[in-house]
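As structure tokens, the structure follows; a few thoughts come after it.
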Amino acid sequence: METPDTPPMSQHVARPPVLRGLPLRLGSFWTSLPPVLRGMAWMGLSGLSFSLLNGLMSGMTREMQPFQAQFLRYFFGFAVMLPLLWRDGPAAYAPNGLSGQLWRGVVHTAGLLLWFLALPHIPLADVTALGFTGPIFIMAGAVLFLKEKVVLSRWVAAAVGLVGVAIVLGPKLSGGGGGWTLVMLASSPLFAASFLITKALTRRDRPEVIVMWQAITISLFTLPFAVTYWVWPTPAQLAWFAVAGLLGSFGHWCLTESFRLTDVSATQPVKFLDLAWASLLGFLLFGDVPGWTTYAGAAVIFASATWMARREAAGRG
């Protein structure tokens with residue numbers, strides 16, 4: 001029986017004062033940040049998601065033919081978005097012009113064919129480090145094709161970051177046996193072109209639309225390669241590909257949101273931080289122990305990204 005000193009059973013227990021209004025304060029803090037910092041944060045979250053995805057896919061490509069793994073990864077990326085398509089209807093995901101979505105699918109698929117072919121032969125940390133060559137291609141393309149003004153500090157940050165990448169990869173390339181490394185390196189300018197197309201598409205389509213059509217187009221374009229080597233996956237493998245679909249779709253949404261908020265070139269130095277995630281996952285999943293050059297390169301990369309973020313926060317560019 002309730003007494004005057006006892007709150008009604010239906011009344012919620014009051015939250016501690018420190019937690020009251022916390023979501024609102026966090027939301028206000030987030031929206032108060034400059035767009036460039038929010039874009040860099042989305043890029044960092046995208047990198048974490050893709051690092052988890054790369055670790056998962058590196059394992060799957062050791063169990064099945066890489067081209068089949070590539071198709072299943074994007075097919076499930078589309079499958080996990082079907083509830084959104086069902087809820088909102090196809091009209092909500094109609095792009096403002098189909099040609100850009102198709103071109104993006106073609107270019108990204110070409111990069112993926114090279115990337116997945118080399119993936120099972122290269123340690124995860126090195127896979128990520130090779131991907132860091134992309135910012136130079138992206139920055140150059142942003143200037144040439146998107147007419148972005150890339151300030152000097154961004155070029156300096158990217159250049160210093162690439163010095164860190166060179167420290168990581170130098171011994172591997174000079175020691176011979178770098179054929180698969182060069183195959184994966186060749187995918188970098190193709191991915192850069194895909195990201196630049198994505199940036200252009202954000203001017204007319206929502207991130208959800210772009211991610212949806214990426215999953216659709218790449219699934220279609222990679223299907224012929226997968227059928228050639230098709231072996232029916234096990235239920236456990238299908239479950240892992242469903243997880244890969246979630247990680248990939250979320251990562252690409254974060255990436256597209258980052259491109260929507262700020263210049264492509266401003267977000268690129270943040271990607272250098274992905275090496276830390278890749279090194280940790282490579283050790284936990286496959287027992288890869290990075291050498292001292294990986295740690296030295298990671299330190300240079302981290303310094304580059306941190307310096308860039310501080311300058312952007314201060315508005316100095």
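How much net charge surrounds Ser188 when only the other residues with a Cβ under 15 Å from the Cβ of Ser188 are counted, with Lys and Arg +1 and Asp and Glu -1? For residues surrounding Ser188, the net value is -1.
This ranking places Val289, Val156 by how few other beta-carbon atoms lie within 10 Å of each, fewest first, which gives Val289, Val156.
Cβ crowding within 10 Å, taken as a proxy for footprinting-reagent exposure, orders Leu238, Leu37 from fewest neighbours to most as Leu238, Leu37. With each label modelled as a point 7 angstrom along the Cα→C-beta vector, the Leu85-Ala239 pair spans 2.5 nm.
By other beta-carbon atoms within 10 Å, ranking Trp30, Trp103 with the fewest at the front produces Trp30, Trp103.
Using a simple charge model, +1 on the beta-carbon of Lys and Arg, -1 on the beta-carbon of Asp and Glu, nothing else, what dipole does region 43-313 show about its Cα centre, in debye to the nearest 20?
In debye, rounded to 20, region 43-313 gives about 500.
Once backbone amide H atoms are built at 1.01 Å from N, Glu148 has Val143 as its partners under 5 Å, excluding neighbours fewer than 5 places away on the same chain.
Using the Karplus relation 6.51 cos²θ - 1.76 cosθ + 1.60 with θ = phi - 60°, the per-residue 3J(HN,Hα) values for region 128-140 come to 5, 4, 5, x, 6, 6, x, x, 5, 4, 5, 5, 4 Hz, with x marking Gly and Pro.
Taking a Cβ cut-off of under 12 Å around Trp42, the surrounding Lys, Arg, Asp and Glu residues balance to a net charge of +2, with basic ones at +1 and acidic ones at -1.
Read the figures in this text as sums done on the coordinates, not as results from a lab. Not measured: the values here are computed from a predicted model. Counting neighbours? That spans all protein chains shown, and the Cβs are built from the backbone with ideal geometry, glycine included.
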